[in-house]
Amino acid sequence: MTTPLQFYLITDSHYVSKRNWVEAEPFTGREKGDQIALKLSPEILDGFLEKIKADEQTNIVLFTGDNVNNGDKNSHEEFIARLRDLQAAGKRVFVTTATHDYCGDGEDENFFHAVRYTETGTEDIESVHKGDLFDMYYDFGPAEADSVHKESGSYTVLLSPGCRLVMINDNGNGRSHCGLFQDGMQWLTEVLKKAKADGEIVFAAVHHPVLPPWEVYRHLVEFEMVGGYALLKTLFCEENVHVVFTGHTHVQNIQKYTDEQGRWFYDVSTIALVSAYGKMRKVSVDVEARRCKITSVQLEKLEGAPQDKPPQEYLYRINFTGLLESLMPLIKTDFNRFLSEASCVLPTDKLKKHRILAKAALKKLDALPLSVLAKFGKKYNGLTKTEIAALKSKRALTPLFEVMRCVFPGNAPFTPDTVEYKVFTGVTKKADALLKRFPVEKVTKLIPPGSSLTEMAIPMLYNNRTGDDDNLETEV
Ligand SMILES: [Fe+2]
Ligand SMILES: [Fe+2]
């Protein structure tokens, strides 16, 4: 039996050099604002790279952008040193870059600015601009490519005979159009047509999403989709590209798109490496059988984090929901500490102004039983009086936090047979009915045309997509 072709994929490592900050409020605030583990980003990346180096069966590694967090030279230097290290360990390394990898230069809309965080603020440090990236990363893809689109930095390589990788580097102005321009699309079309004619399997990768993780994402922040995503959908279907890997959303999510003629592809979006539940993908391809298996790999331990609990539990505090969940008990015991720790996450200035009211409201919310929500949506949720009475002892915030906790790592647990599903969809159905009678523009404008709050809530309650955001087996 031949060894299958295998590769790892890492996205959104948002690496920050330790030369760029000191332990003080300015960088702590930046980390809270960004909602990702910036302080431990080197340790997290190294933890995953150790796993990759230890896997002698897998000699290919892909990085699909937002490799560093702030477009600064220090972080790029250290990131590239790690890529060279991988190469020295016998790995082929393929990289693309994205908007966090460079600083704006006035010509574009990119607002990243290379700084060092001091005790009291920030000071400018050497930055990297978009035009620098191609040469900096030349050895990690373009040098081995059989075709390069230099203007965007996209390229294509054969991973093994019969299996091709197309790394699409998002071009554009860093904000309202991140994608290929016309000549880039033409290059991509030619590459894909040739690969199809040669009978090759093609894996594509691009930083921004081709399919949104949820329709509401496309509705509210369409500029965060890859520019020209509608064209790409058609192109992938026409040219038999069955899997495209994406990042950027920081969401672990697998979507399938099928066009009217039954042609299809998967957008496999991978969670940011530095998210609380950060993962990398491992892909195994049986080229002869034209099948691939995608799995997900997580860290079991993390240098620099407390060793008495899983790293995910520690890192969860960096997320809005994690911080809020861990701080809720402080509302009763130490409201001042609650406010100070929730700064940069909650509107603490407003909460301070209305201290008594805020404290009472938060206490009430903390103690709210699930039965109250069940009663609110009683007409719609299919629960009996006895079932609702049994929910009196259950806290409403527990499943709410669980739903919010699963927004980034996917695979939320509340399938239609669970009481939580019935309660939450009861609430959204009642809210939809109320909105029909009393449309509130602030809310209705958030709902995609033809959709409803209930339709928006269901993909957050359980995986109604492919059934599993971590794993996929498919023909390619
Ligand atoms: Fe990112
Ligand atoms: Fe991004």
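Below is a table of values for the structure above.
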item: Helices (runs of 4 or more DSSP H) (entirely within region 175-279) containing at least 2 residues that are of a type in the set (S, T, N, Q) and more than 20 Å from Met460 (Cβ to Cβ); result: 182-197
item: Residue within region 48-63 that is crowded, with 16+ Cβ neighbours inside 10 Å, hydroxyl-bearing (Ser, Thr, Tyr), within 16 Å of ligand 2 (Cβ to nearest atom) and touching a residue at least 12 places away in the same chain (Cβ under 8 Å) present; result: no
item: Among the residues listed as Val244, Val274, the single one being modelled with pLDDT of 95 or more, within 13 Å of ligand 1 (Cβ to nearest atom) and not polar (S, T, N, Q); result: Val274
item: Unique residue being without any contact (Cβ under 8 Å) to a residue 12 or more places away in the chain and of a type in the set (A, V, I, L, M, F, W, C) when the list is Leu323, Leu330, Leu302; result: Leu330
item: Of residues in region 1-46 being polar (S, T, N, Q) and within 16 Å of ligand 1 (Cβ to nearest atom), the one surrounded by the fewest Cβ atoms within 10 Å (Cβ to Cβ); result: Gln35
item: Extreme residue, surrounded by the most Cβ atoms within 10 Å (Cβ to Cβ), among residues of region 106-130 that are at pLDDT below 95 and more than 26 Å from the chain's Cα centre (by Cα); result: Glu107
item: Residues of region 77-97 that turn out to be within 16 Å of ligand 1 (Cβ to nearest atom) and farther than 16 Å from Val274 by Cα, as a count; result: 3
item: Out of Lys385, Lys375, sole residue that is outside the structural domain of Pro26 (by TED's automatic domain parsing), surrounded by fewer than 14 Cβ atoms within 10 Å (Cβ to Cβ) and of a type in the set (D, E, K, R); result: Lys385
item: Residue in region 88-95 that is within 14 Å of ligand 2 (Cβ to nearest atom) and either surrounded by fewer than 22 Cβ atoms within 10 Å (Cβ to Cβ) or of a type in the set (D, E, K, R) (or both) present; result: no
item: Qualifying positions in region 288-317 - within 17 Å of Val244 (Cα to Cα) and in a loop (DSSP other than H, G, I, E, B); result: Arg290
item: Residue within region 99-111 that is out of contact with any strand residue (DSSP E or B) (no Cβ under 8 Å at 6 or more places or on another chain), at positive phi and away from ligand 1 (no atom under 16 Å from the Cβ) present; result: yes
item: Criterion (under 30 Å from Leu453 (Cα atoms), in the same structural domain as Arg263 (by TED's automatic domain parsing) and either surrounded by fewer than 23 Cβ atoms within 10 Å (Cβ to Cβ) or of a type outside the set (Asp, Glu) (or both)) met by exactly one of Val210, Val191; result: Val210
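The values are calculated or read from the model by the stated rules, or taken from the named source; none is laboratory data. Everything numeric in this text was worked out from a predicted model, so none of it was measured. Here Cβ is always computed from backbone atoms with ideal geometry, including for glycine, and neighbour counts include all displayed protein chains.
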